[in-house]
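The values are calculated or read from the model by the stated rules, or taken from the named source; none is laboratory data. Remember, it's a predicted structure, so these values are computed and weren't measured experimentally. Glycine also receives a Cβ, built like all others from the backbone with ideal geometry; neighbour counts cover every protein chain displayed.
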Amino acid sequence: MAVIVCPKCAKKHKVNVEAFKENTPSGKTLAARCKSCGNRFPVRIDYLLAQDNIKQGGKQSRARKICITLSKGGVGKTTTSVNLAAGLALAGHKVLLVDTDTQGQSSYILGKKPKAGLTELLTKELAPEETIVRARKNLWLLGGGKSLAGVKRIIDRKSFGAEWTLSEVMTELDHKYDFILIDTSPGWDQLIVNVLFYATEVLVPVALEAMPLHGLSEFMKSLGSIQKYRKEIELKYIVPTFLDTRVKGPQTIFSELKRLYPNFVCEPIRYSESLSEAPSYGKTIFEYAPGCTASADYRSLVKRVTQDEKALP
Ligand SMILES: Nc1ncnc2c1ncn2[C@@H]1O[C@H](COP(=O)(O)OP(=O)(O)OP(=O)(O)O)[C@@H](O)[C@H]1O
Ligand SMILES: [Mg+2]
């Protein structure tokens, strides 16, 4: 089942996708007619299939889709996306890391310069397999970068269904992976809304520095407004980052976080120079400093996410 909204009168209509799933090729556009106002408008079949796939819990897709997001900048979203993705890959899972940020940092950290990425996938300039690069054993990358700014404008101009644009293009890909991790940019824009309409789990990194709880509660409100339309998305993990064990302040904030969100708070990622050094060598923390505290902390996060104590000994 999928829902389409008439672009003229905003009436919502349920569509039984099963009726034409088998016979209609993807990429095709169907002509819809609003039963309420009579308006005729085009509906892309991929748009309906993406909704249907997600509503069924992604039956064809075995991938867990985890987005790493918080509007506040510099809290460790990219560092966590890359190192969690690398850790899951080392633990033997097939992982796709999707960078939805114009900064394109994920490719840089992994030491890759992909010629194409999410932009070409979203604009359908290239076939999906041509937009993905293999970054490590078990780890693939769908790179972000500056060109995503233009794509955001295209999404903004869509008259309806804009929030499903990412889901539409990802449906063809996601059955190939065990985990799809999606890094987001700071702030709040149409691409982040798209990510929240595609992913099913949210991981929020919270820097244990000044005023982290304010940023978190603001984000919870935004997530709540998405959940009204997208029931499948849920907060799963709050990952405290930049824990400086030498001073008392961050420990106090960590305790407060645990009190407020006992079910979601994970073991913290400690402050570590190695984490800020590793990107300039194009290395993950497991490659650059496998024995450091941050490497141990990201291994714990892999265990928590996979619920496997034996993952990454
Ligand atoms: N635990 C840590 N200890 C020390 N430095 C860290 C830690 N985590 C991240 N960093 C460094 O802090 C900076 C910001 O981290 P990162 O880029 O992951 O944040 P972000 O949330 O993705 O930022 P943005 O919002 O700009 O995308 C980077 O230089 C990174 O190397
Ligand atoms: Mg980032």
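Data overview
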{"item": "Test: residue in segment 202-215 that is under 19 Å from Gly104 (Cα atoms) and either outside the structural domain of Ala91 (by TED's automatic domain parsing) or assigned to a strand (DSSP E or B) (or both)", "result": "yes"}
{"item": "In segment 169-213, the residues that are touching a residue at least 12 places away in the same chain (Cβ under 8 Å), hydrophobic (A, V, I, L, M, F, W, C) and over 19 Å from Pro128 (Cβ atoms)", "result": "Trp188, Ile192, Val193, Leu196, Val202, Leu203, Val204, Val206, Ala207, Leu208, Leu213"}
{"item": "Search result, residues across segment 95-112 that are within 16 Å of the chain's Cα centre (by Cα) and either assigned to a loop (DSSP other than H, G, I, E, B) or without any contact (Cβ under 8 Å) to a residue 40 or more places away in the chain (or both)", "result": "Thr100, Asp101, Thr102, Gln103, Gly104, Ser107"}
{"item": "Long-range neighbours under 9 Å by Cβ, at least six apart or interchain, first residue farther than 16 Å from Asp178 by Cα within segment 71-92, second within 8 Å of ligand 2 (Cβ to nearest atom) and acidic (Asp, Glu)", "result": "Lys77/Asp101; Lys77/Asp183; Thr78/Asp101; Thr78/Asp183; Thr80/Asp183"}
{"item": "Residues that are out of contact with any helix residue (DSSP H, G or I) (no Cβ under 7 Å at 6 or more places or on another chain) and among the hydroxyl-bearing types (Ser, Thr, Tyr), drawn from segment 95-110", "result": "Ser107"}
{"item": "Conditions (1) touching a residue at least 40 places away in the same chain (Cβ under 8 Å); (2) within 19 Å of Pro212 (Cβ to Cβ): number failed by Arg270", "result": "(1)"}
{"item": "Number of the condition not met by Tyr237 [criteria: (1) of a type in the set (Ser, Thr, Tyr); (2) at pLDDT 95 or above; (3) over 18 Å from the mean Cα position of the chain (by Cα)]", "result": "(3)"}
{"item": "Hey, Gly145 in the same structural domain as Ile226 (by TED's automatic domain parsing), surrounded by fewer than 22 Cβ atoms within 10 Å (Cβ to Cβ), at positive phi and out of contact with any Gly (no Cβ under 8 Å at 6 or more places or on another chain) or not", "result": "no"}
{"item": "Test result for Leu213, away from ligand 2 (no atom under 14 Å from the Cβ) and either touching a strand residue (DSSP E or B) at 6+ places or on another chain (Cβ under 6 Å) or closer than 25 Å to Arg270 by Cβ (or both)", "result": "yes"}
{"item": "Top-ranked residue of segment 4-19 - restricted to ones that are part of a loop (DSSP other than H, G, I, E, B) and of a type in the set (Lys, Arg), ranked as surrounded by the fewest Cβ atoms within 10 Å (Cβ to Cβ)", "result": "Lys11"}
{"item": "Selection from segment 231-260 of residues that are in contact (Cβ under 8 Å) with a residue 60 or more places away in the chain and in a loop (DSSP other than H, G, I, E, B)", "result": "Glu232, Phe242"}
{"item": "Any hit, segment 160-182, residues being surrounded by 19 or more Cβ atoms within 10 Å (Cβ to Cβ) and within 16 Å of ligand 2 (Cβ to nearest atom)", "result": "yes"}
